[in-house]
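The values are calculated or read from the model by the stated rules, or taken from the named source; none is laboratory data. Because the structure is a prediction, the values reported are computed rather than measured. Note: ideal-geometry Cβ built from the backbone for every residue, glycine included; neighbour counts use all protein chains shown.
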Amino acid sequence: MKKCLIAALLGCSLLLSGCGLLEGSYHSVTPHREQTGGIRTENMTVSSYEELVSAMEAVVEKATENCVINAVNYDAALLERHLSNASRYIQKVYPIGAYAVEDLSYEIGSNTGKTAIALNISYRHSATEIRKIQKARNMEAAQKRIAAALKSVDTVLVLQIENYEKMDVNQFVQSYAMEFPRVVMEIPVVTQEVYGVGEDRVLELTFSYQTSREALRLMQTQVQPVFDSAVLYVSGEGTQNQKFSQLYAFLMERFDYKLETSITPSYSLLRHGVGDSRAFATVYAAMCRESGLECIVVTGTRSGEPWSWNIICEDGAYQHLDLLRCSRNGGFRKHADEEMEGYVWDYSAYPACEDSGTGEENTENKK
């Protein structure tokens, strides 16, 4: 038994040196490249194309660089053609192979007097990286994985998605950050690569942050208590209007705010009193939602400049709420569509807002 094992290892060693010796004669199909990894042997036997593909998939999943596959009872006339097709499948169609394999070559020879295949594979990704590939059944599951990566401030996420569909990952990240400002401290730049052909694909995502992971995770812990306090602030009895007003006061009375854009919007707003209209709108909307109130963020322009504000739903009626406009004019006020002079937004993307009934005079639009 030991002699057989030594012989197999010796054969692989000679393959690495370019000799390509299995036992006896061999037929060189593609040239070999020297490998830096260890020598491995696999106790695999195949007799059909399906078994050959399955064996090669198993080799790639383990990131094995060199191995021998026995081809017992394999039609010799078909073996070379099947190997060519299987190699192309592994490197182009099979998602893990397309992601991980740099180069694949093989030789047909004999092992203990029987036909065998010597595989020689180099990888662009290590065995550890392959093991870290996460599984997702569909794009909904993939989005949950992406959300978890954003929460953990991961810089790389690789997913094998069983039913892949093309999606705008950057748009998803932007939308998720807007909905969960207590989680996403900085919106990363996302680059993506898709590997494989067909429904089963590997999606490789890279998240680039300007701020370190340690700093961003510390920021997360520092803003959590503020959001929790906001929810407690309106946890008692009261009308929806009262709660919207109370959350407005909770947020707007924290600082004498400085209007500036920050790459860490919710942290800068809640911890240092620095933010722009988008930061105010997203943080306020999140506090409302966590308190059981319906509130959405509107993206548009005000006086020709990019601007964000909110639309709130009180007892089934929708109305505009611009926190910075309220702060400038002296307090919490809601507005109907016709009161939003100087604002431009996509009317079809948001609910219509009826007369607020507040009787507020639009003095700012008369100036």
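For residue 83, state whether it is touching a Ser or Thr at 6+ places or on another chain (Cβ under 8 Å), of a type in the set (A, V, I, L, M), free of Cβ contacts under 8 Å to residues at least 60 places away in the same chain and buried (at least 16 other Cβ atoms within 10 Å of the Cβ). Here the answer is no, as residue 83 does not meet what is asked. Among the hydroxyl-bearing types (Ser, Thr, Tyr), in a loop (DSSP other than H, G, I, E, B) and free of Cβ contacts under 8 Å to residues at least 60 places away in the same chain: is that true of residue 176 in this structure? No; evaluated as a whole, the condition is false for this residue. Scan the stretch 213-250 for residues that are of a type in the set (Ser, Thr, Tyr) and surrounded by 15 or more Cβ atoms within 10 Å (Cβ to Cβ) and the total you get is 3.
Give 301, 261 a once-over and let me know the one that is in contact (Cβ under 8 Å) with a residue 12 or more places away in the chain, among the hydroxyl-bearing types (Ser, Thr, Tyr), surrounded by fewer than 17 Cβ atoms within 10 Å (Cβ to Cβ) and more than 27 Å from residue 228 (Cα to Cα). Only one candidate qualifies: 301. Being of a type outside the set (D, E, K, R) and under 30 Å from residue 91 (Cβ atoms) is a property that residue 190 has. Residue under question is residue 253, and the condition is that it be out of contact with any Pro (no Cβ under 9 Å at 6 or more places or on another chain), assigned by TED's automatic domain parsing to the domain that holds residue 301, loosely packed, with under 12 Cβ neighbours inside 10 Å and within 17 Å of residue 322 (Cα to Cα); does it hold? In short, yes. Within the stretch 54-80, if we keep just the residues that are part of a helix (DSSP H, G or I) and touching a residue at least 40 places away in the same chain (Cβ under 8 Å), the residue that is farthest from residue 92 (Cα to Cα) turns out to be 80.
Among the residues here, residue 274 qualifies as under 29 Å from residue 210 (Cβ atoms) and either in contact (Cβ under 8 Å) with a residue 12 or more places away in the chain or not assigned by TED's automatic domain parsing to the domain that holds residue 179 (or both).
Against the conditions (1) over 13 Å from residue 244 (Cβ atoms); (2) touching a strand residue (DSSP E or B) at 6+ places or on another chain (Cβ under 6 Å), residue 311 satisfies every one except (1).
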